[in-house]
Amino acid sequence: MTLPPPTHSRKDRTTRRSTSPVEGPLIRSLSDHTMEGPYSARFPSSPVGETSRRAPVIRGAADERAHRPRRLRRTRRTRSTERVACLMDRPPDPDFAHRPVMADEIVELFAPVPAGWVVDATLGGAGHASLLLEAHSHLKVLGLDQDPDALVAARSRLEPFGDRARSVRTRFDALAEVVAQELPPGEPVVGALFDLGVSSPQLDRAERGFSYRLDAPLDMRMDPAATRTAADVVNGYDEADLARVLRDHGDERFAARIAKAVVAARPVATTGELAEIVRLAIPAAARRRGGHPAKRTFQAIRIEVNEELDVLPVALEAAIDALAPGGRVAVLSYHSGEDRIVKRVLRQAETGGCTCPPGLPCACGAVATVRPLRRGGRTPSPAEVAANPRAASARLRAAQKLPTVEATR
Ligand SMILES: C[S@@+](CC[C@H](N)C(=O)[O-])C[C@H]1O[C@@H](n2cnc3c(N)ncnc32)[C@H](O)[C@@H]1O
């Protein structure tokens, strides 16, 4: 089956690469491991197979990355239309640690859905996915992630669930194609989960180049085979574009000053250099407020590198479309830009895009496809934030697919 490439809204397509739906079964021959309880995610990994039609070959990529000069790492790309056993050679990684956020709420939210598949669009280390499978015997999980390290950890964690779990390396804007290709005909999608942003291992591993606290080459790609890196944004964007990125994706009030300082300091090679440039560009009084001074800049550049806000609405709409009646979609977002998109897409589905004046019966023919499960969303408990400060900015929004096509009002 030949799939068309996903459509994208951005003018610059040069950095696009595969969002690779895959062929064939995906979980196989996973090794034994022990499960851990909720709120803990330490994942021994195991050799697994991976298939991809358009994904780059990354056989032994972790090893290669460690020994290959930086210049080669960034420029060498291999495209493949053949089956890729790229994770088979990866060494076990005992340090993939990520605590699933609002795990109790997520487990509870999917309890009432009919039997079928939950698409976990941001599988990560399968923290949420494994909890769902443990708690709900009527559910199966199709997990997507673009990060091969996450998939290694996830596949190991999901092994005990056998054919109740599948995983695919892809960017989640290919959700519709992957669902069509992976799920047996007639088996419904009853849930979709998006836990947006980065995982703890992505942040905590210096070599991934995401962290302002660890010095490493500027990278920030969730998919190490993607073409554009943080270094390309930091050193390649003109000053106005860079300031726009910092403002739009980071709500950074000193965007113009930071962009000017970055351009003056080029070339900027490492996360440490960038963090220091940002720190010095921010007025001293402002540096003392609101956490690390480079936090918003790093968030903004990461979002730009991974095109996070471009792919989110595409994937969310596809997930809502895919849901069977009574199915639920849940989104955990971590900053205002993400949450605005989530609200907009859910609102559109709730109203069907009705344009009639409030209070009057709908005459425009709009059709609602979901109902919201709790207006305004939910946030983590103080206890959870105390135990896991990375949960602090989380907001959970959810909706349920309507049983039949219903008029908006
Ligand atoms: C916050 S982590 C998810 C953690 C997971 N819920 C768990 O409990 O282990 C987000 C994951 O989503 C992946 N991700 C983010 N954006 C993605 C996208 N557009 N397509 C595919 N994967 C994405 C990241 O690589 C990361 O592994």
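The values are calculated or read from the model by the stated rules, or taken from the named source; none is laboratory data. Note that the structure is predicted; figures quoted are calculated from it, not measured. Here the Cβ is made from the backbone with ideal geometry for all residues, glycine too, and neighbour counts use every protein chain on show.
Residues of the range 325-345 that are outside any helix (DSSP H, G or I) and surrounded by 17 or more Cβ atoms within 10 Å (Cβ to Cβ): Gly327, Arg328, Val329, Ala330, Val331, Leu332, Ser333, Tyr334, His335.
Out of Ala281, Ala300, Ala294, Ala322, one residue alone is assigned by TED's automatic domain parsing to the domain that holds Asp147 and in contact (Cβ under 8 Å) with a residue 12 or more places away in the chain. It is Ala322. In the set Ala240, Ala315, Ala255, only one residue is out of contact with any Gly (no Cβ under 9 Å at 6 or more places or on another chain), in the same structural domain as Glu350 (by TED's automatic domain parsing) and either away from the ligand (no atom under 16 Å from the Cβ) or among the small types (Gly, Ala, Ser) (or both); that residue is Ala315. For the range 269-295, residues that are buried (at least 21 other Cβ atoms within 10 Å of the Cβ) and not in a helix (DSSP H, G or I) total 3. Taken over the range 133-151, residues that are closer than 19 Å to Glu182 by Cβ and in a helix (DSSP H, G or I) amount to 4. Could you list all residues from the range 233-248 that are crowded, with 17+ Cβ neighbours inside 10 Å and in contact with a Leu (Cβ under 9 Å, 6 or more places away or on another chain)? Correct list: Val233, Val234, Asn235.
Counting only residues that are assigned to a strand (DSSP E or B), of a type in the set (D, E, K, R) and surrounded by fewer than 19 Cβ atoms within 10 Å (Cβ to Cβ), the range 362-398 holds 2 of them.
Please verify whether Pro114 is more than 13 Å from the ligand (Cβ to nearest atom), out of contact with any His (no Cβ under 6 Å at 6 or more places or on another chain) and not in a helix (DSSP H, G or I), treating the condition exactly as stated. It is true that Pro114 is more than 13 Å from the ligand (Cβ to nearest atom), out of contact with any His (no Cβ under 6 Å at 6 or more places or on another chain) and not in a helix (DSSP H, G or I). Being touching a residue at least 60 places away in the same chain (Cβ under 8 Å) and either on the phi < 0 side of the Ramachandran plot or surrounded by fewer than 19 Cβ atoms within 10 Å (Cβ to Cβ) (or both) is a condition met by at least one residue of the range 249-260. Scanning the range 193-211 for residues that are within 8 Å of the ligand (Cβ to nearest atom) and in a loop (DSSP other than H, G, I, E, B) yields Leu196, Gly197, Val198, Ser199. When each of Ala165, Ala153 is tested for being surrounded by 24 or more Cβ atoms within 10 Å (Cβ to Cβ), closer than 23 Å to Glu134 by Cα and near the ligand (Cβ under 10 Å from one of its atoms), the lone residue that passes is Ala153.
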